[in-house]
Amino acid sequence: MNHHTVLNKLAALSAPALLAMSLSAYAAPDWDIVGIRLGMNVTQARAAISAHAPKAQTTDYARRFAYSDGVKQLQAPEFLSSVTAQTQNPNNTSETIEVMFSAPPMEQRVIRVIRTLALHGDPISMERASASVLQKYGKPQRSFDASGRGAILRWNESGKPVCGDTSPTAAEARLAPSVDNSPSGLGFYDVWKRRKLAPADASNCGAALVAQLVTFVGQSSVNEMKFTMSDPGYAVPAMQATAKQIAEMENKARGIRQQSGSVPKL
């Protein structure tokens, strides 16, 4: 099945015959990936992961930021950056769930979730894969051909502006908005603002959900399903708050440094 046929199949599944499926589409706060929602705190996210995959191998990733007092490099307190849960099945299929949290000082919340299902040992038809996705999330706002390797579907949060380049030819339109918990991630938002692709108040940026249904070249069986949702509306203000906190810590440390040290006898 070629990529044009794949898109036609998706269009057919989105037609009035399946209109009832679109009624199950969720507003962004209600989207979930195996029970994990944007905006959850750490405890809630851990509980959702455990409920979905109790036997998964779970790994915590911590992070801390460096700053300087003008002489020495200092470290801000460590925080939980992300959690990864991996499940390997005997029929050469696997599942990986990656959950990223915002950094302090704002409350730590889920700002990105990525779920990857590797189905290499047990692929499914595009019709079944897309039907299950549409039943879960409803009709997407956008759909793209994945260069002959399946399809990409995107949902945007209702009532909020879409942040980033979503023009049909932009690679960014095929991805969930870039988010991070490091202030270095603010570069994405700065670019969006310069290009008039985001509001001045980052908290107005809408969340997005992207599903990638990946096939082997020239085939119609889906061998990988990848779901990504992210929330720049919380992630960017959190990064801005983190950047401000680090700047304040650095200014305080530099002030202390200026008052320290022994003045030599002259």
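Restricting segment 11-39 to residues that are hydrophobic (A, V, I, L, M, F, W, C) and at pLDDT 95 or above, which is farthest from the chain's Cα centre (by Cα)?
Only one residue tops the list, namely 34.
Residue 163 passes all but one of (1) surrounded by 14 or more Cβ atoms within 10 Å (Cβ to Cβ); (2) not in a loop (DSSP other than H, G, I, E, B); which number fails?
(2)
Of the numbered conditions (1) touching a Pro at 6+ places or on another chain (Cβ under 7 Å); (2) at negative phi, residue 188 fails exactly one; give the number of that condition.
(1)
When residues of segment 133-152 are filtered for being of a type outside the set (D, E, K, R) and within 21 Å of residue 92 (Cα to Cα), how many remain?
Adding up the residues that qualify gives 1.
Considering only segment 189-221, how many residues are assigned to a helix (DSSP H, G or I), surrounded by fewer than 21 Cβ atoms within 10 Å (Cβ to Cβ) and either touching a helix residue (DSSP H, G or I) at 6+ places or on another chain (Cβ under 9 Å) or of a type in the set (Val, Ile, Thr) (or both)?
Selection size over segment 189-221: 4.
Note down all Cβ pairs under 6 Å where the first residue falls in segment 150-177 and is over 25 Å from residue 131 (Cβ atoms) and touching a residue at least 24 places away in the same chain (Cβ under 8 Å), the second is of a type in the set (A, V, I, L, M) and part of a strand (DSSP E or B), and they're at least six residues apart or on different chains.
177/208
The values are calculated or read from the model by the stated rules, or taken from the named source; none is laboratory data. Every value quoted in this text rests on a predicted model; they were computed, and no experiment measured them. Every residue, glycine as well, gets a Cβ built from its backbone with ideal geometry; the counts of neighbours run over all protein chains shown.
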